[in-house]
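Here is the structure we will look at, set down as structure tokens.
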Amino acid sequence: MKKKIILVHGYYKNKKDMSALEENLEKLGNEVISVELPLTFEDITYATSVFDEKVTEIICGLKEGEKINLVGHSTGGIVIRLFLSNTGYIDKMHRCVLIAVPNKGSKLADIASKLFPRSVNVFKTLESLKCENVRKLQLEDIDSVEIGAIAGSKSNLLSNRLLKSENDGRVEINSAICGELKDFVVLPFNHAEIHHKFETAELVDAFLERGSFDL
């Protein structure tokens, strides 16, 4: 049976940003659904409620015994973790992969709120990504759902100059680590490209299949 995978894009993006990953995962024999969420001008809690509605629709069409796998890039991974912490459909979830996700919050969001305080009033998703606000979400580790995380180490984006520890240009590697991850891997890509690479899709497919990034 094909793995059913839901992809979630990041901040200031739409589902088109996940098209390369969608295509690559389909080449690997999966059934992939990309969802579009309001992840620019709305806070993460609201975006997650929209995601919950979309997942509910998908669950209604599942075959007997079929489960869903979740894959999120950047802010999309926070949406997934918040969804998993509150959903009543946890028994319908299989595995999850977080790609370049600021699980401990975004240092860049903290900096933006100090330098441009009005910006976070408009871009509410950015406000949600501040380290303090991510902590307030009280994201839980779900024992029944195995989670793997992929981080990037190519810090060639201009914003990397504002970050002190090793990063992908926007997210620090130590922020990509959360709770009891089943597996964790670092790839030599930056934040904007990591989810477009076929190597990333291969690792996602491996983890969703076996619970490990070993190919």
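The values are calculated or read from the model by the stated rules, or taken from the named source; none is laboratory data. Computed from a predicted structure; not experimentally measured. Backbone-built Cβ (ideal geometry, glycine too); neighbour counts: all protein chains shown. Just the protein is used for accessible areas: all its heavy atoms, side chains included, with ligands, DNA and RNA removed. Shrake-Rupley method; radii C 1.70, N 1.55, O 1.52, S 1.80 Å.
Our Cα-only numbers for the chain put the radius of gyration and Dmax at 16.0, 52 Å. Inter-label distance, Asp214 to Glu26: 3.2 nm, where each label sits 7 Å from its Cα along the C-beta direction.
Spin-label model, Val185/Leu62: points 7 Å from Cα along the beta carbon direction are separated by 2.6 nm.
Relative to the longest principal axis of the Cα atoms of the chain, the long axis of helix 44-60 makes an angle of roughly 10 degrees.
At a 10 angstrom cut-off on C-beta neighbours, averaged per residue, how do the peptides 69-77, 112-120, 150-158 rank from highest to lowest?
Working: 69-77: 28.2, 112-120: 13.4, 150-158: 18.4.
Sorting 69-77, 112-120, 150-158 by mean packing, highest first, produces 69-77, 150-158, 112-120.
Find the centroid of the Cα atoms in the range 174-197 and in the range 101-137, then give the distance between the two in whole Å. The two parts, judged by their Cα centres, are 20 Å apart. Summary of packing: across the peptides 59-67, 34-42, 2-10, the per-residue average of other C-beta atoms within 10 Å ranks them, highest first, as 2-10, 34-42, 59-67.
Tell me whether the range 4-102 comes out rounded, prolate or oblate; compute the Cα gyration tensor, take square roots of the eigenvalues as a ≥ b ≥ c, and use a/c under 1.5 as the rounded threshold. Note, shape of the range 4-102 comes out oblate.
Counting only DSSP beta bridges with both residues in the range 82-215, the antiparallel share comes to about 10 percent.
May I ask you to give the percent of accessible area on the chain that is carbon plus sulfur, with a probe radius of 1.4 Å? Exposed carbon and sulfur together represent 48 percent of the surface.
Over the range 158-215, the reciprocal of the mean inverse Cα-Cα separation, the Kirkwood hydrodynamic radius, stands at 12.5 Å. Within the range 70-101, whose backbone N sits under 14 Å from a point 7 Å along Cα→Cβ of Ser165? Taking a point 7 Å out along Cα→Cβ of Ser165, the residues of the range 70-101 whose backbone N falls under 14 Å are 101. In the full protein context, the range 64-162 carries 47 Å² of accessible surface per residue, based on a 1.4 Å probe and ignoring ligands, DNA and RNA.
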